[in-house]
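Read through the structure below, which is laid out as structure tokens, and then see the notes.
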Amino acid sequence: MTTSSPSLLEALAAQTQATANLIRVCLALEWTVFSRSMMSVVTIAFFYLVYLIFTLRNVRQPLTVWEKLGKPVIKPFRPWVYSFLLGKSDPYANSIDMRVSTLSRGFCTAIMRDRHRNRNPFKSIHATALATFAETVGGLALMSQFKRRDRAILVSLSVKYLKKARGLLTASSEYTLEKDLTGSHEIQTEVIIKDRMLDTVAKMTLNWKIDVQES
């Protein structure tokens, strides 16, 4: 009994050590496979993102660009990439820190952060920044319905400033073009800007001249 007990304990210790070593090897192998898989996904996503930016940089249809950036691997980066591409086609939009959050046919919402560069002497967001924000959102909502050869130009606008704008702002615009509309027309769209408390801080009315081509 005195001889077999140490042998049994030694065998148990050896078995435990072997099991621990096996678990470490399995974990190391699994981590290696996982890390390699993640690196592959990141690499593919990066090159695909570069490809999309290159191919979409001159596309004039905002909804097409938005939908192209909706692929599963790219979608988490869509607001930033879309903002970058928007800044290339509309450089003045880079003067405000805005991100499109929703874009569908005839509808757009976006957010604008409260940055020091957007502020006025009264410690609120400058009226011009609000106007730029609203004009951009209204334009995206309208042009999301356009075909490749359709055009729109802003001819006038009016803004009602209802409250000092501070903090994160959300702008939304919705407009549906008449079905089978063709030719030159003047239309009016509206953009509402709200703050974190869902209070309306500004309303903008945009008057557009549009030229819609036949399908």
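The figures follow:
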| item | result |
| --- | --- |
| Options ILE210, ILE192; residue that is without any contact (Cβ under 8 Å) to a residue 40 or more places away in the chain and farther than 21 Å from PRO91 by Cα | ILE192 |
| Qualifying residue in region 40-62 (condition: modelled with pLDDT of 85 or more and outside any strand (DSSP E or B)) | yes |
| Region 83-128, subset under 14 Å from the mean Cα position of the chain (by Cα) and assigned to a loop (DSSP other than H, G, I, E, B), residue modelled with the highest pLDDT | ARG113 |
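The values are calculated or read from the model by the stated rules, or taken from the named source; none is laboratory data. Quick caveat, the model's predicted, so the values are computed rather than measured. Note that we place each Cβ from the backbone using ideal geometry, even for glycine, and neighbour counts take in every protein chain shown.
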